[in-house]
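*Asks:* One structure, as structure tokens, below. Some questions next.
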Amino acid sequence: MKEEIVRRALKAGILLTPGLLETLDEKKLEEMIKEAKQKDKAVLTEREKPSKSKLIIKVKRVVPKEKLKPEDFTKYYNNKYEGIKKLLLKKLDAVSINKLRESYDEISVIGMVREPTSRGFVLEDPTGEIEVISNKEPEADDVIGVKGTTREGKLMEREIILPDIPLDYKSKKIRNLTLLLTTSLTDKARPLIQTTNFTLIPKLEDETLNEKEKEQMITEFTNPTWIIISGPEDEMNILVYRPEEEIEQKQAIDYLRKRHLSPKRNKVSGPDDYFFIGQVPDILWLISPKKFLENYKGVTIISFEAPDAARVNLGTREVEFKQVL
């Protein structure tokens with residue numbers, strides 16, 4: 001009976017603690033599965049710290065659409081535009097492109113970069129498009145704010161605004177909690193498990209783990225995946241993403257400045273924009289060959305993959321790299 005409950009829970013993406021398993025019956029399990037599906041495809045996991053104070057862990061995974069239609073791409077880019085636009089409107093007063101008029105006074109617009117030109121780039125929003133005269137080179141599909149003046153139907157750029165991390169963002173911490181981040185769990189990595197509260201491992205290669213070790217791990221990841229950890233005093237967000245190519249620190253910071261993971265167009269997985277960074281992540285874990293550690297406006301950026309692992313103290317934000325192969 002218990003084995004069947006555990007099997008069904010794992011299939012639904014719900015991780016059970018021993019204490020919860022003791023009190024769980026089929027009816028309650030069905031309610032949990034239904035709730036997990038309704039809450040933005042997030043699954044709820046409960047953990048206990050040594051002090052027995054509760055941790056609640058939500059895992060938000062991508063649910064890609066099997067076969068995309070042309071309208072799915074249209075909805076995706078509309079969702080991307082609207083999501084980032086809301087962030088930019090907190091930083092500037094903008095008008096739609098179709099309301100631009102000849103003016104020597106500075107005016108602001110928000111749009112998506114369509115393509116470069118010999119003198120700048122084309123910016124578009126749902127109402128129209130305009131050529132921006134600029135020596136800057138934003139990438140296609142970037143959603144940006146532009147301040148400038150208009151001349152002969154062109155927008156003369158004075159400043160480009162990105163949504164970025166807000167200045168009033170306060171980095172969060174959870175005391176007495178340590179994570180192990182790894183993509184390869186071997187015998188050499190096993191001692192690290194004993195020095196952490198739980199492990200995030202996107203690809204489990206070692207199937208000889210005991211039940212206690214399995215309970216301390218989150219293994220089912222998509223690209224991207226959000227881990228939301230709620231402790232007694234605070235809540236932290238961890239964003240896990242595997243870029244398509246090896247990236248440098250500047251590109252990692254650009255993800256946060258643009259508030260978007262900016263995948264290539266062939267990586268769009270459906271009408272929902274899973275790559276939009278709506279919430280500010282406290283930790284951004286990039287699974288990439290280039291190993292680096294960066295702090296950007298309170299966000300801890302960690303980039304590595306096997307043979308390395310990282311032990312992260314969520315109380316101090318200290319990160320210690322270890323080799324596990």
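*Asks:* From the list Thr186, Thr117, pick out the single residue that is among the hydroxyl-bearing types (Ser, Thr, Tyr) and surrounded by 14 or more Cβ atoms within 10 Å (Cβ to Cβ).
*Replies:* Numbers: Thr117 fails: surrounded by 14 or more Cβ atoms within 10 Å (Cβ to Cβ).
One residue alone meets the criteria, Thr186.
*Asks:* Also: For the structure I just gave you, tell me whether Gln216 is within 26 Å of Asn78 (Cβ to Cβ), more than 13 Å from the chain's Cα centre (by Cα) and not aromatic (Phe, Trp, Tyr). Reasoning before the result, please.
*Replies:* Working: within 26 Å of Asn78 (Cβ to Cβ): no; more than 13 Å from the chain's Cα centre (by Cα): yes; not aromatic (Phe, Trp, Tyr): yes.
So Gln216 does not fit the description; no.
*Asks:* So, one more: Taking the criterion of being surrounded by 16 or more Cβ atoms within 10 Å (Cβ to Cβ), among the aliphatic types (A, V, I, L, M) and free of Cβ contacts under 8 Å to residues at least 60 places away in the same chain, would at least one residue in segment 302-318 satisfy it?
*Replies:* no
*Asks:* Which ones in segment 76-97 are basic (Lys, Arg) and surrounded by 14 or more Cβ atoms within 10 Å (Cβ to Cβ)? Step through it out loud before you land on a result.
*Replies:* Here is the first cut: in segment 76-97, the ones basic (Lys, Arg) are 80, 85-86, 90-91.
Hits for segment 76-97 are Lys80, Lys85, Lys91.
*Asks:* Could you go through segment 226-243 and let me know if any residue there is farther than 26 Å from Thr316 by Cβ, touching a residue at least 12 places away in the same chain (Cβ under 8 Å) and either buried (at least 16 other Cβ atoms within 10 Å of the Cβ) or in the same structural domain as Tyr296 (by TED's automatic domain parsing) (or both).
*Replies:* The first filter runs over segment 226-243 and keeps only residues farther than 26 Å from Thr316 by Cβ, leaving 242-243.
Cutting the leftovers down to touching a residue at least 12 places away in the same chain (Cβ under 8 Å) gives us 242-243.
From the residues that got through so far, the ones that are either buried (at least 16 other Cβ atoms within 10 Å of the Cβ) or in the same structural domain as Tyr296 (by TED's automatic domain parsing) (or both) too are 242-243.
Looking for residues that are farther than 26 Å from Thr316 by Cβ, touching a residue at least 12 places away in the same chain (Cβ under 8 Å) and either buried (at least 16 other Cβ atoms within 10 Å of the Cβ) or in the same structural domain as Tyr296 (by TED's automatic domain parsing) (or both), one finds at least one in segment 226-243, hence yes.
The values are calculated or read from the model by the stated rules, or taken from the named source; none is laboratory data. Just so it is clear, the model here is predicted, and its values are computed rather than measured. Neighbour counts are summed over all protein chains in view; Cβ atoms, including those assigned to glycine, are modelled from backbone coordinates with ideal geometry.
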